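Report on the structure given below.
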C-alpha cells in the first residue's frame, strides 16, 4: 500500500484505486439493475392497460434493452477486475492472498473469528481465505452468467457484435445442450450471485460495525487507515517518505 | 456463381437421369394422372427452391431434380416411435406433389404404408437393401434403444433388434436422414428416466446423419432435405445439432407473427382471455419459441395452412434436443422449470428464495450473537 498521510495515531494510504472503485460500483449497480430486469424478462409481471390491439409501446423490448446495456457494463467491470487481479501492479496485494487461501490453519482461525472464538488472524494479502474462495466462486458465477448471456444475446441480435460472437454462442449452446438449458443456467447463476452479494453486504456492514477502522469507507474514498500502536508520529512520518 | 451452381446441379441431374427409375411410371406421368398441371408442378418447385434458400430462377432445376428423384429410392425405417412423422408427410386433404413423389413412387420400403405384411414385408426390405445398395436414401423414424443390447425394440419374426437393423441398413445407404426428434435426439422414450437407453441414431452410427427434428417435422423440411441431396449429391449445411440450416437456422421466435406483441410486453395471461382474443404473445402461457430453432413460423404445417402458435398454443420446442425434459412445463414460462427436490416441484426461484432465506436467518442470528458477545479484537 502506498502511504499518504498521518492523522493522529493512524496512517492512511490508497487501498482501492479510482479504477477499482469505479468498477466495483458499476458492477454493483449493474447487478441490481440486471436482477430487476432479468426477473421481468423471465416472467413479464408488469404490463399496461392495452388501448389498442396493435403493439405500439414496446415495454418488453425497452426492459430487454436496459438488461443488455447493464449486462455489457457488468462485463466491462468484470473484465477490468479480472485484469486487475492478474496483471495490474496494484493487484499484487490481492495476488498475495492466494498463498493465504491454501493455509488451512489460517482458514480455521478465520472461521473461529466469525464464531466469536478467537481474534482475527493476520493475513499476508488483503483477502482472508474464506473471502478469497467466496470471491473466486463469485467470478465463476460471473463468467457463467456472462457466457450464457452472450449466447442468448447472439441469438437475438444476429448482426454486429452478435455476429462476432455467433460461433462462440453456438458452441456454448451445444455445451449446455440447447438454448433452453442456456437460459435455465443463466437464471441459476443469477441466484448464486444474489446469495453471494447478500452475504457480501452483510460481511461489509459487519466489518464496519465491529472493525471500527473505517474499512467500509475505502470503497468510496479509496483510503485505508491503519493504527500504529508503538510507533511515534515522527516514525510514521518517516514511513511516509520511505 | 449462380451459373456455376446451376451447372453443377444440371450435371448431377444428368448423371442421375442415366440411372434406371425405380417405379413403373415416370414422375411426370403420375403427376398428370393425378390432375397436376405442369404449372402446379413448377409452383411447387419454386416454393421448394425458396425453402432451400435458392432464388426463384432455380425452380426449373428443382423441378428436374424432382423428376429424376425416382433414381434415388427412399427406404424408410421405423424404430422406437409413434409414426407421427409419417403422418406429417402423408396427412393432407388430397395427395400433394410431395406425397406423390415421395410416397407413391420413390418409397421402396415403409412398413406402415406398404401393402405387404409379415414375411413378405421382410423380404421386400432385404430386396431393397440388396438392389439399391449404395444408392438409396435411408430415412429413419424413431430413436434406437441401446440398453441390454437394444432388445427393447425388435422387428419382425427373426426378432432382429432395431440397433442391428439400423446399423446394417446404414452401412449400405448413400445418405442417412433422421426424420423427427426421436431419431435425431432420442425423443419421448429418451426423456427422463429413459429406461430403454434410447438415443438418437447419430449416436450409434459412424456415418454422417442429417437431423430433421420436430414432433413431427413439417413435410417441407423432410422433402426439402431429400431434394437437397438429389440436387447437390451432398448433404446440406447443418447447424450445431446437425440440422439443415435452411430449415433450422433461425428460431421460431425470430419470424413469429406474434413477435410484435412480445416486444410490446403484451401477453396472453391465460388461455381464452382478452389477450388471446387479440392475438397477443404466448410467452407467459409457455411458448418456447425463443429457445427453438425451426421454420414453423415461416413454412407452417398442412400445406401452409396453420401452425401451433397461429392456432393459439405456444411452441413446445419439439425440434430441440431433450425437449421433453428441457422445455417442461409446456404451458408455463421456462422460469417455472421444475428441478428435482423433495417435493419435485421446485423452480429456480423457489430454490433461490429458500437459500436466500436460510442465509438471511443465519445472518440475523450471527449479527445478534455478535452484538451480545463482540468478536475478539
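Rg over Rh for the range B:262-314 works out to 0.98, both radii taken from alpha-carbon positions and Rh defined as the Kirkwood radius. Note on residue B:192 and residue A:119: the model spin-label points, each 7 Å out from Cα along the C-beta direction, lie 5.2 nm apart. Sorting B:10-20, B:77-87, B:253-263 by their mean Cβ neighbour count within 10 Å, with the most densely packed peptide first, gives B:77-87, B:253-263, B:10-20. Look at the alpha carbon pairs under 8 Å that are at least 6 residues apart: their mean separation over the length of the range A:89-242 gives a relative contact order of 15 percent. Treating r as the C-beta distance of residue A:89 and residue B:33 and R0 as 60 Å, the FRET efficiency rounds to 0.10.
Taken along its principal axes, the alpha carbon cloud of the range B:2-247 reaches lengths of 52, 40, 34 Å, longest axis first. According to the Kirkwood relation over distinct C-alpha pairs, the hydrodynamic radius of the range B:1-49 is 12.8 Å.
Which parts of the range A:191-207 would a label at residue B:353 reach, counting a residue when its backbone N lies under 17 Å from a point 7 Å out along Cα-to-Cβ? Answer for this model: A:191-192, A:194-195. Averaged over the residues of A:184-191, the number of partner chain Cβ atoms lying within 10 Å of the residue Cβ comes to 4. Percent of C-alpha pairs per 5 Å bin in the range A:99-156, short distances first: 4, 18, 19, 15, 11, 8, 8, 7, 6, 3, 1. For chain B, set up a Gaussian network in which alpha carbons nearer than 10 Å are linked by springs, and say which option among B:298, B:39, B:135 fluctuates the most. Largest GNM mean-square fluctuation: B:39. Over the range B:1-127, with a single point scatterer placed on each C-alpha, what log10 of the ratio I(q)/I(0) does the Debye formula yield at q = 0.10, 0.11, 0.13, 0.20 1/Å? Here the Debye-derived log intensity ratios amount to -0.37, -0.45, -0.62, -1.25. Please state, to two decimals, what the Cα-based radius of gyration of the range B:252-373 comes to when divided by 2.2 N^0.38 Å (N = residues). Compared with the compact-globule rule of thumb, the range B:252-373 sits at 1.48. Among A:68, A:41, A:194, the largest mean-square fluctuation in a Gaussian network model of chain A, built with springs joining Cα atoms closer than 10 Å, belongs to A:41. Each DSSP beta bridge with both residues in the protein assembly as shown is either parallel or antiparallel, and the antiparallel ones are about 55%.
Across chain B, C-alpha contacts under 8 Å between residues 6 or more apart give a mean separation that, scaled by the residue count, equals a relative contact order of 13 percent. Spread over its residues, the convex hull of the C-alpha atoms of the range A:117-235 is 182 Å³ per residue. Only Cα sites of chain A enter the Debye sum here, all with the same form factor; the resulting log10 I(q)/I(0) across q = 0.11 1/Å is -0.73, listed in q order.
Mean sequence separation of contacting Cα pairs (under 8 Å, at least six apart), scaled by the length of the range B:18-165, corresponds to a relative contact order of 26 percent.
Per residue, the Cα convex hull of the protein assembly as shown amounts to 213 Å³.
Beyond 24 Å, the tail of the calculated P(r) for the range B:203-314 holds 34 percent of the Cα pairs. Two decimals is fine: what's Rg over Rh for the range A:157-196, C-alpha atoms, Kirkwood radius as Rh? Rounded to two decimals, Rg/Rh equals 1.09. Which of these, B:56, B:178, B:348, has the largest mean-square fluctuation under a Gaussian network model of chain B (Cα springs below 10 Å)? Per the Cα network of chain B with a 10 Å cutoff, B:348 tops the list. One quarter of the surface of the convex hull around the alpha-carbon atoms of the range B:174-244 equals 4.9 nm², the direction-averaged projected area.
Each 5 Å bin, from zero up to the one with the longest distance, holds this percent of the alpha carbon pairs of the range A:1-124: 2, 9, 11, 11, 11, 14, 12, 8, 7, 5, 4, 3, 2, 1, 0. Please work out the FRET efficiency for the pair residue A:220 and residue B:2, using the Cβ-Cβ distance as r and a Förster radius of 41 Å; give the result to the nearest 0.05. That gives a FRET efficiency of 0.05.
Applying 1/(1 + (r/R0)^6) with R0 = 56 Å to the Cβ-Cβ distance of residue B:369 and residue B:245 gives a FRET efficiency near 0.35.
Each reported figure results from applying straightforward, stated rules to the coordinates on display, with no laboratory input. Small disclaimer: the values here were computed from a predicted structure and weren't measured. Cβ coordinates were reconstructed from backbone atoms using ideal geometry, including for glycine residues, and neighbour counts include every protein chain displayed.
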